[in-house]
Amino acid sequence: MDDAPQSRQSLSEDQRTLLLRLVKKMLGMGKYPSEIKQAVSQKFHLSRRSVERYMKRARREMVENLNIPVKEHRAEALYFYRSVVSDPNSSQRERLRARERIDKLLGLDIPAKIQVEDEEFDLTPAQIQALSDEELEIIYKKSMKPR
């Protein structure tokens, strides 16, 4: 495998338009940013950082095309995610993902301090996600015990 640095990739206007449409479609489908970066960087031979710039532009254009204020769009998103959480036909994964999105919309995805008995757990959302089911269950049970 050649370790030489890649030359800068220049896309035609048609390719950029196609790339933006692809990114918008993937965002609309609820794909994770990492999935979008991987797929687009492979298809168009771009760095993941370049794809991030296209994702930012695509999001900005999507909001501009809504013709509604960002505040109103945020409220609609919140109600949509709440409907997913309350829908008995939603899978557990869909409900969890909707909860995560609600937390992010409300700014609740900041580091959390969890007090369990005499132990204090100062965990970030990423650390909480990295916990195994068993570890999470232990912390949950400890936190539910009456004090």
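The values are calculated or read from the model by the stated rules, or taken from the named source; none is laboratory data. It should be emphasised that the depicted structure is a prediction, and the values quoted were computed from it without experimental measurement. Methodologically, a virtual Cβ is constructed for each residue, glycine included, from the backbone with ideal geometry; neighbour enumeration extends over all protein chains shown.
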Query raised in the report: Restricting the search to the range 129-146, which residues are at pLDDT below 75 and surrounded by fewer than 10 Cβ atoms within 10 Å (Cβ to Cβ)?
Result: MET144, LYS145, PRO146
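Please work out if TYR32 is among the aromatic types (Phe, Trp, Tyr), exposed (fewer than 15 other Cβ atoms within 10 Å of the Cβ) and over 21 Å from ALA126 (Cβ atoms).
Considered against the rule, which asks whether it is among the aromatic types (Phe, Trp, Tyr), exposed (fewer than 15 other Cβ atoms within 10 Å of the Cβ) and over 21 Å from ALA126 (Cβ atoms), TYR32 comes out as no.
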Query raised in the report: When only residues in the range 108-128 that are farther than 30 Å from GLU72 by Cα and among the polar types (S, T, N, Q) count, which is modelled with the lowest pLDDT?
Result: GLN115
**Report entry** Elements of type helices (runs of 4 or more DSSP H) in the range 10-107, at least 3 residues being at pLDDT below 90 and closer than 26 Å to ILE128 by Cβ
**Finding:** 70-86, 92-105
